[in-house]
Amino acid sequence: MLMNKKYIALMVTLILAVSILGGCSGSTDSNASNKNTLDFSNTTIHATVTGISDNKITLSLIGRISTDHIPNTNKPSEAAPDLPGQADGESTNQSSPKQPDNGNDNQAPPEQSDDENGNPSPPEQADNGSGNQPSPEQADNGNGNPSPSEQMNDNTTTFTLTITDESVLQDISLSDITEGAFLSITFGDKNTITSITQEVISNPNGGTPPSDNAPGQTAVNTGSGAVTIDKDTTESGISYSSENKDENALRIEGSVSYNGDSLTIQKNSGDTSDSESSDFYGLNAGILSLDGADTTITNSAISTDAKGANGVFAYGNDTRVNISDTSITTNSDNSGGIDATGGASIEASNLNIETSGNSSAAIRSDRGGGTLNVSQGTYTTNGTGSPAVYCTADITVSDAVLTANASEGIVIEGKNSVTLKNCKVTGNMQGTYHGDENENLHTIMIYQSMSGDAEEGEGTLTVNGGSITGLNGDLIYTTNTTSVLNLNNVALTLSNEVLLRATGNDSSRGWGNAGSNGADMSLFADNQILNGKIIVDEISSLLLTLSEESSFEGSINSEQEGGKITVTLDDSSTWKLTGDSYITSFEGSLDNIDSNGYTLYIDGTAQNIG
C-alpha cells in the first residue's frame, strides 16, 4: 500500500487480453490484436475459481495487479497499491453501488505501499490511503462520498486458463478443482506457467477466508527461514545470512522469546516472488518475527539487498519486536526498514535506518496495522515513493531525525495516526516512479488510497515541537479523506507558497471518484506560527482553529476556490492577510485580523477590518 508501498492505487478500467502460455499448462485466447497483454512472468498470483468447464478454468484475481504486468502504465509510489484492471478481454466493471453522501463528496483514504511488483503506500488510507473519510461506523462521511470498501468492489480482474497438460497441477487433478477454490499460479520466463496449486486462504485478522468481493486480500505467505527459532533462545555475536528467494535470514515464530545481541544479519540476494506477501506478511525480510513471538534485538547490524526484503518485520497479533542501538540498511525496491502488520507491535530506540530503493519507507506499516513506538535515531530514505514514515497503524516517533530525499516525509493512510514529538522532518518529493506531471508534490500527505490496506475513517497527525521542512512542493496535502492535524510550536519551512492544499484528485490512482473525492480537515494550531497560502477546493472543507497565541500570516482561497471554511481565533491569536481571502464563517474578534491592504470575505460579504 503511494505511495513503501504504495501511494498510488491505480484504478483503471483496462480491457486486457491475457496471453498465458502454460508450458503446456494452458492459455487464453487473445482475439483482439489491439488489446494489451498481461505479463505475469516470474511471479506468483492468487485467484479464485469462478467457473470451470471441461479443461477451461475461469478465475478472479485476488489482490492487485502490479503495473509491471500492464504495458505502458506508471508504477505506483510508496503510498498506494495498484488495483487490478481487466483481463482476458472481459470487462467486469460494474456500476458502483449507490454510496452515501458525506456532505463534501469526499472519501476516506487507505494506506498504501507500493513496490515494483504492485504492492501497496502514502501514502495508506484507511480509509484506504488517500482521501478523508468518516469513521467505519459511519455510512456517510459528510461529503457525499461512499466508503472505500464500496468503491473497491467496482473492479474485478478475470481471465480463463485452458489446461492442456495436467503436469503443472501440484497435488491435485483437474477434477479436484471446483468453483470457489483458491489457486496459486506461479509463472516462469515468458509468461510460462510452472505450477498451479490449490490453497487455503487465511485471514490475517482471523475468521473465515475472504470472499470474491474482498479486493486486495492475499493468501498468507511468509515463506521460510534460513534459520528458524521456535524455542526460547538467547544468543550473542551470531551471524545469519540468506541468498534464496522468499527466505528470511532469521525467522522467529510461535509463542517464544528470543534475545539477540550483536547480531549480523545479511540478506544478500533472492528477490521475492510475491511482493504483496513481502509487504503484508514479511516474506523475504531479513528478520521476521511472527505468530506471537517476542523478539529483542540489540547492538546489531542488518542489511538486505533483494527486492521485497524489509529489514525487520513483525507480523500478527501478539507479535512483539523490541529493537535498539541497531543499524538497518536496505538497497532494493519494496524494502522498508522496520515494518509492523496484522496487529503486531514494534518498540524501537536509537536506530540508524537507511533505505535506497523505491517504495521503501524507513518506518512503515501495512495491511492489518499495528503499533510502532520509535525514539531517537536517524531514519533516511533515498528512493521515490519512500516516505520516512508510511502509516497504516498507530505510530509515535520522538526525538528522531526523519529524512526523505526523494519522497514525502510523512504519509498517513486511512483511519490511522502519527504522533511526532521533537522530531526533525524533511521531505523532498520528486514524483512517482516514472514521473507524472499531474502529481501533486508535498511533504506531508493524509489520504485514502482505496486499496483496502487501511480502515476507512479519520486520519490524525499530531506534531509537538521539532520542525517540518519541505524542499519541494506544498507543505501539507490531503485528499479523499477526513483528517485532524494538530500543530504545537512546530517550526515550518515551506518550499513554495502553499502551506495546505485540501482538494480532490483526478482519481487516476483510484483515490475515490473524481468530483467527489475531496478532503475534510480540522487544523488546530496552539502556540503556533503559520505562514503561506491555504487552498480548499469546492468539494473539500477546512476548520482552522488558532489558539494559545498562535498567528497566521497568509491567505485562504485567494482565487475563490469555493471550499467550506470556518476560521476560529481565540483572543490571543492573530491573522494577517497576504491576499484577498474567502471563507464561509468566522468565530472570534475581527479586531484580531490585520487586513494588510487586502479584503476578507465571509460568506461572500466583504468585511470592514483594519
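The values are calculated or read from the model by the stated rules, or taken from the named source; none is laboratory data. This is a predicted model, so every value here is computed, not measured. FYI the Cβ positions are ideal-geometry reconstructions off the backbone, even for glycines, and counts take in every protein chain you see. These area figures cover heavy atoms from the full protein model, side chains too; ligands, DNA and RNA do not enter into them. Shrake-Rupley method; radii C 1.70, N 1.55, O 1.52, S 1.80 Å.
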For Ser211, state whether it is among the hydroxyl-bearing types (Ser, Thr, Tyr), at pLDDT below 70, surrounded by 17 or more Cβ atoms within 10 Å (Cβ to Cβ) and part of a loop (DSSP other than H, G, I, E, B).
no
Verdict on Asn299 being among the polar types (S, T, N, Q), modelled with pLDDT of 95 or more and either touching a Cys at 6+ places or on another chain (Cβ under 6 Å) or closer than 18 Å to Gly370 by Cβ (or both)
no
Need the failing condition index for Arg367 against (1) open to solvent by less than 10 Å² (accessible area, probe 1.4 Å); (2) under 17 Å from Thr341 (Cα atoms); (3) at pLDDT below 95, just the number.
(1)
Cβ pairs under 8 Å, 6+ apart or interchain, first in the stretch 348-359 and among the charged types (D, E, K, R), second not in a strand (DSSP E or B), ordered by first then second residue, are Glu354/Gly337; Glu354/Ala362; Glu354/Asn382
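Conditions tested, residue by residue: (1) in contact with a strand residue (DSSP E or B) (Cβ under 8 Å, 6 or more places away or on another chain); (2) open to solvent by 10 Å² or more (accessible area, probe 1.4 Å); (3) assigned to a loop (DSSP other than H, G, I, E, B).
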site: Tyr258; (1), (2), (3): yes, no, no
site: Ser273; (1), (2), (3): yes, yes, yes
site: Ala285; (1), (2), (3): yes, no, yes
site: Gly292; (1), (2), (3): no, yes, yes
site: Ile302; (1), (2), (3): yes, no, no
Write out, first by first residue and then by second, each pair whose Cβ atoms fall under 6 Å of each other, whose residues are 6+ apart or on separate chains, and whose first residue, in the stretch 543-555, is β-branched (Val, Ile, Thr) while the second is surrounded by 16 or more Cβ atoms within 10 Å (Cβ to Cβ).
Thr545/Phe524
For the stretch 215-236, pairs from a residue that is open to solvent by less than 50 Å² (accessible area, probe 1.4 Å) to a residue that is among the β-branched types (Val, Ile, Thr) and modelled with pLDDT of 95 or more, with Cβ under 8 Å and 6 or more apart or across chains, are Ile229/Ile252; Ile229/Val256; Thr233/Val256
Does Gly465 satisfy being closer than 20 Å to Thr403 by Cα and open to solvent by less than 20 Å² (accessible area, probe 1.4 Å)?
yes
Tally, over the stretch 330-351, of residues that are among the charged types (D, E, K, R), within 23 Å of Thr384 (Cβ to Cβ) and in a strand (DSSP E or B):
1
Would you kindly identify the strands (runs of 3 or more DSSP E) lying entirely within the stretch 496-577 that contain at least 1 residues that are surrounded by fewer than 24 Cβ atoms within 10 Å (Cβ to Cβ), more than 24 Å from the chain's Cα centre (by Cα) and among the hydroxyl-bearing types (Ser, Thr, Tyr)?
541-547, 551-556, 564-569, 574-577
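Is it the case that Ser516 is under 25 Å from Leu461 (Cβ atoms) and either out of contact with any His (no Cβ under 6 Å at 6 or more places or on another chain) or among the aliphatic types (A, V, I, L, M) (or both)? Working first, answer last.
Values: under 25 Å from Leu461 (Cβ atoms): yes; either out of contact with any His (no Cβ under 6 Å at 6 or more places or on another chain) or among the aliphatic types (A, V, I, L, M) (or both): yes.
When the stated conditions are applied, Ser516 passes them.
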Can we say Asn373 is surrounded by fewer than 19 Cβ atoms within 10 Å (Cβ to Cβ) and at pLDDT below 95?
no
Taking the conditions exactly as written (among the aromatic types (Phe, Trp, Tyr), within 30 Å of Thr319 (Cα to Cα), at pLDDT below 80 and under 30 Å from the mean Cα position of the chain (by Cα)), does Phe182 satisfy them or not?
yes
In the stretch 342-352, is there at least one residue being open to solvent by 10 Å² or more (accessible area, probe 1.4 Å) and hydrophobic (A, V, I, L, M, F, W, C)?
no
Among the residues of the stretch 315-327, are any within 20 Å of the chain's Cα centre (by Cα) and buried (at least 24 other Cβ atoms within 10 Å of the Cβ)?
yes
